[in-house]
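Participant: To start, I am sharing the structure in question, which I have written as structure tokens.
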Amino acid sequence: MTRDIIEINDFLVIIEQSDEEKTIIDKCGFDEPVIGFSFYGSGNSKLSVNHGDMSHSFDNTKGFAMSFFANEKVEFVHNISLQNPLQCVVIVISLKNLRKLPNHEDEVFSHNLNALVHPQADFVEGPNFYMTHDMQTAVDKIFNTPYTGKTRMMFLRSQVTELLAHFFALQDSQKETALKPHDRQKLYEAKEILANNMETPPSLNELSKLIGLNSYKLKKNFKELFGVPVFKYLQNERLSKAYDLLREKDISIQEAAWKVGYESVSSFSNAFIKKFGFRPSEIKK
């Protein structure tokens, strides 16, 4: 379990990552009232938020972005194992530091997260949704950057700003989205099916039948909800999985490409470079 805690301007950034051979319970909290944002990368841990006699549970955090208010009475508990790894970027700001933000950025918080800026409980859950491609890419860059020292700090500052901007932009777009809860749930099912069948994914028509939603609605609403077309999402999942395989397993680049559904190594390498900014061979060095 690694936890990197960094102060960037008025924000505290916590970068957590773990692949545990045995199940561990990791607990953490804050020593003052904060507004926070959690962005879960390729990890898929279970999260419980406890305060007093209350508890909020999130069983599937992969690709999840959440906002919250929490004071010192709130405890965050991750259940981490080899089957449920953790990869999370948490960005928090204390309530007292909100007014210090430049360019009236505190007004963005007040406008979008009024219930968090003026909390009525120890823990207040803000807008939550699955990350767009741009948000996922920003998280991937944080975990995969080769930069060190002051250059890394400069880079992380840019990624924190980008993540928050994407979060607020996505919230604005979803306010305008009138998806029915039933259709929204079907789209989450489609997303899960694609993530679990990367080697041999269903066609668009097959996926449409599996979730009981016509292909037009599937294509239109998937992009509207997740910010990326259906098979662009699949490509991103394939490349993230391939990155993990190359980093953690003793396999060749060709084997990694095959395992995530690429028949052509050159196509795989080109897509990998476009997503991560470096060749898959650089991981194996």
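The values are calculated or read from the model by the stated rules, or taken from the named source; none is laboratory data. Since the structure is predicted, the reported quantities are computational estimates derived from the model, not experimental observations. For neighbour counting, all protein chains shown are included, and Cβ atoms are generated from backbone atoms with ideal geometry for every residue, glycine included.
Participant: Anything in the stretch 95-108 that is over 29 Å from M54 (Cβ atoms) and assigned to a helix (DSSP H, G or I)? List them, or say none.
Facilitator: Scanning the stretch 95-108 gives P102, N103, H104, E105, E107.
Participant: Test T200 against the criterion of being assigned by TED's automatic domain parsing to the domain that holds K241, more than 19 Å from F222 (Cβ to Cβ), β-branched (V, I, T) and more than 19 Å from the chain's Cα centre (by Cα), and give yes or no.
Facilitator: Numbers: assigned by TED's automatic domain parsing to the domain that holds K241: yes; more than 19 Å from F222 (Cβ to Cβ): yes; β-branched (V, I, T): yes; more than 19 Å from the chain's Cα centre (by Cα): yes.
For T200, the condition - assigned by TED's automatic domain parsing to the domain that holds K241, more than 19 Å from F222 (Cβ to Cβ), β-branched (V, I, T) and more than 19 Å from the chain's Cα centre (by Cα) - is met.
Participant: Is there a residue in the stretch 66-87 that is outside any strand (DSSP E or B), of a type in the set (S, T, Y) and either over 15 Å from the mean Cα position of the chain (by Cα) or within 21 Å of I25 (Cβ to Cβ) (or both)? Walk me through how you get there before you give the answer.
Facilitator: Residues of the stretch 66-87 outside any strand (DSSP E or B): 71-74, 81-85.
Keeping just the survivors that are of a type in the set (S, T, Y) gives 81.
Right, trim to either over 15 Å from the mean Cα position of the chain (by Cα) or within 21 Å of I25 (Cβ to Cβ) (or both) and you get 81.
Checking the stretch 66-87: at least one residue is outside any strand (DSSP E or B), of a type in the set (S, T, Y) and either over 15 Å from the mean Cα position of the chain (by Cα) or within 21 Å of I25 (Cβ to Cβ) (or both).
Participant: For the stretch 1-62, which strands (runs of 3 or more DSSP E) that fit wholly inside it have 1 or more residues that are modelled with pLDDT of 90 or more? Can you show your working first?
Facilitator: Values: elements: 2-8, 11-18, 24-28, 34-40, 46-51, 54-58.
Output list reads 2-8, 11-18, 24-28, 34-40, 46-51.
Participant: Could you tell me which residue of the stretch 37-72 is farthest from T132 (Cα to Cα), considering only residues that are small (G, A, S) and buried (at least 21 other Cβ atoms within 10 Å of the Cβ)? Let's see the steps before the verdict.
Facilitator: Start the filter on the stretch 37-72 by keeping residues that are small (G, A, S), which leaves 38, 41-43, 45, 48, 52, 55, 57, 63, 65, 67, 70.
From what is left, the residues that are buried (at least 21 other Cβ atoms within 10 Å of the Cβ) are 38, 41, 43, 45, 63, 65, 67, 70.
Values: S38: 14, G41: 11, G43: 16, S45: 19, G63: 9, A65: 9, S67: 15, A70: 25 Å.
The qualifying residue farthest from T132 (Cα to Cα) is A70.
Participant: If you don't mind, another one. Would you confirm, using the coordinates I've provided, whether E16 is out of contact with any helix residue (DSSP H, G or I) (no Cβ under 8 Å at 6 or more places or on another chain), closer than 21 Å to M135 by Cβ and either acidic (D, E) or not assigned by TED's automatic domain parsing to the domain that holds S110 (or both)? Step through it out loud before you land on a result.
Facilitator: Values: out of contact with any helix residue (DSSP H, G or I) (no Cβ under 8 Å at 6 or more places or on another chain): yes; closer than 21 Å to M135 by Cβ: yes; either acidic (D, E) or not assigned by TED's automatic domain parsing to the domain that holds S110 (or both): yes.
Judged against the criteria, E16 is a match.
Participant: Kindly provide the set of residues from the stretch 251-285 that are closer than 18 Å to F231 by Cβ and surrounded by fewer than 16 Cβ atoms within 10 Å (Cβ to Cβ), ordered by number.
Facilitator: Residues satisfying the conditions are E263, S264, S267, N270, K274.
Participant: I need the full set of residues from the stretch 109-133 which are hydrophobic (A, V, I, L, M, F, W, C), modelled with pLDDT of 90 or more and not in a loop (DSSP other than H, G, I, E, B), in order please.
Facilitator: In the first step, residues of the stretch 109-133 are kept if they are hydrophobic (A, V, I, L, M, F, W, C); the result is 109, 113, 115-117, 121, 123-124, 129, 131.
Next, only the ones that are modelled with pLDDT of 90 or more stay: 109, 113, 115-117, 121, 123-124.
Residues satisfying the conditions are F109, A115, L116, V117, F123, V124.
Participant: Let me ask another. For the stretch 15-36, what are the residues that are crowded, with 17+ Cβ neighbours inside 10 Å and of a type in the set (V, I, T)?
Facilitator: I15, V34, I35
Participant: Which residues, counting only those in the stretch 202-250, are buried (at least 16 other Cβ atoms within 10 Å of the Cβ) and in contact (Cβ under 8 Å) with a residue 60 or more places away in the chain?
Facilitator: Across the stretch 202-250, the qualifying residues are L225, F226, G227, V228, Y233, N236, S240, K241, Y243, D244.
Participant: Given the conditions (1) loosely packed, with under 15 Cβ neighbours inside 10 Å; (2) among the hydrophobic types (A, V, I, L, M, F, W, C); (3) touching a helix residue (DSSP H, G or I) at 6+ places or on another chain (Cβ under 6 Å), which single one is not true for V89?
Facilitator: Against the list (1) loosely packed, with under 15 Cβ neighbours inside 10 Å; (2) among the hydrophobic types (A, V, I, L, M, F, W, C); (3) touching a helix residue (DSSP H, G or I) at 6+ places or on another chain (Cβ under 6 Å), V89 comes up short only on (1).
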